[in-house]
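The values are calculated or read from the model by the stated rules, or taken from the named source; none is laboratory data. Remember, it's a predicted structure, so these values are computed and weren't measured experimentally. Virtual Cβ from ideal backbone geometry, glycine too; neighbours counted across all protein chains shown.
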Amino acid sequence: MEESKKRCFIALDLPREAINEIKRIQDIIKKKNLFAGKFIEPENLHLTLKFLREIDEEKVREVKERLKEIKFDGFESGLGEVGVFSSRYKGYVRVIWIKLNGKGVFDLQEQIDETLSGLFEPEFRFMSHITIARVKHVFNRRRFLDYVKSIKIKKIRFDIDRFFLKKSELFADGPVYEDLEIYRLLTDENY
């Protein structure tokens, strides 16, 4: 019998105030009716630090153990600008995202890459973004892009004090995420 595999990733979750601001942004984009697609549910909003793909139970155990070795200070972060992933040449837009600011995000991602070296390829194009919508079709590309560029986000700052190993199960109505392990970052309380 073939061993079952889990679709896994390492992520940062967001505090309630950041999720509320993202929901506000999603609502104002929705009202403009500029594209067909799907907005990410509030409970699924996160920042992926590393996507591990489908891995077997033995590799999950190895990842859990290696990630426990990470000693990293908690850090401050905040929501940045709204943007899109698109193809300049083909003209399509696939994702609307909000940037997660803070050097700590990049440094933590780099340390995760180093800790998991030999098990997974490093992320060569990591971009600190939170996917807020998946786009199937844009009705007017120029109007859509101009509008996205004009969106103003409230300057929200918050502390990041943990990261997560998660599994994702894909269903017809969207993914369901489950925390496999929580990793606390160093703070004044746990030094």
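Observations on the structure shown:
- Look at (1) under 16 Å from Ile132 (Cβ atoms); (2) under 13 Å from the mean Cα position of the chain (by Cα) and you find that Lys38 fails only one, number (2).
- Lone qualifier among Gly102, Gly80, Gly118, Gly74 - being surrounded by 15 or more Cβ atoms within 10 Å (Cβ to Cβ), on the phi > 0 side of the Ramachandran plot and not aliphatic (A, V, I, L, M): Gly102
Conditions tested, residue by residue: (1) surrounded by fewer than 16 Cβ atoms within 10 Å (Cβ to Cβ); (2) out of contact with any Asp or Glu (no Cβ under 9 Å at 6 or more places or on another chain); (3) among the acidic types (Asp, Glu).
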| residue | (1), (2), (3) |
| --- | --- |
| Val84 | no, yes, no |
| Pro122 | yes, no, no |
| Arg125 | yes, yes, no |
| Val135 | no, yes, no |
| Val138 | no, yes, no |
| Asp146 | yes, yes, yes |
| Lys149 | yes, no, no |
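- Some residue of region 43-66 being among the aliphatic types (A, V, I, L, M), under 15 Å from Leu165 (Cβ atoms), assigned to a helix (DSSP H, G or I) and more than 18 Å from the chain's Cα centre (by Cα): yes
- Looking only at residues of region 77-94 that are of a type outside the set (Gly, Ala, Ser) and assigned to a strand (DSSP E or B), we find that the one that is nearest to Leu34 (Cα to Cα) is Val93.
- Across region 17-33, the qualifying residues are those that are polar (S, T, N, Q) and assigned to a helix (DSSP H, G or I), and the one among them that is farthest from Pro175 (Cα to Cα) is Asn20.
- Of all positions in region 95-114, at least one carries a residue that is touching a helix residue (DSSP H, G or I) at 6+ places or on another chain (Cβ under 7 Å), part of a strand (DSSP E or B) and within 25 Å of Ile156 (Cα to Cα).
- Verdict on Glu123 being within 19 Å of the chain's Cα centre (by Cα), at pLDDT below 95, acidic (Asp, Glu) and in a loop (DSSP other than H, G, I, E, B): yes
- Failed item, numbered, when Leu14 is tested on (1) surrounded by 14 or more Cβ atoms within 10 Å (Cβ to Cβ); (2) under 13 Å from the mean Cα position of the chain (by Cα); (3) part of a strand (DSSP E or B); (4) touching a residue at least 40 places away in the same chain (Cβ under 8 Å): (3)
- Restricting Leu165, Leu185 to residues that are out of contact with any helix residue (DSSP H, G or I) (no Cβ under 7 Å at 6 or more places or on another chain) and among the aliphatic types (A, V, I, L, M) narrows the list to Leu185.
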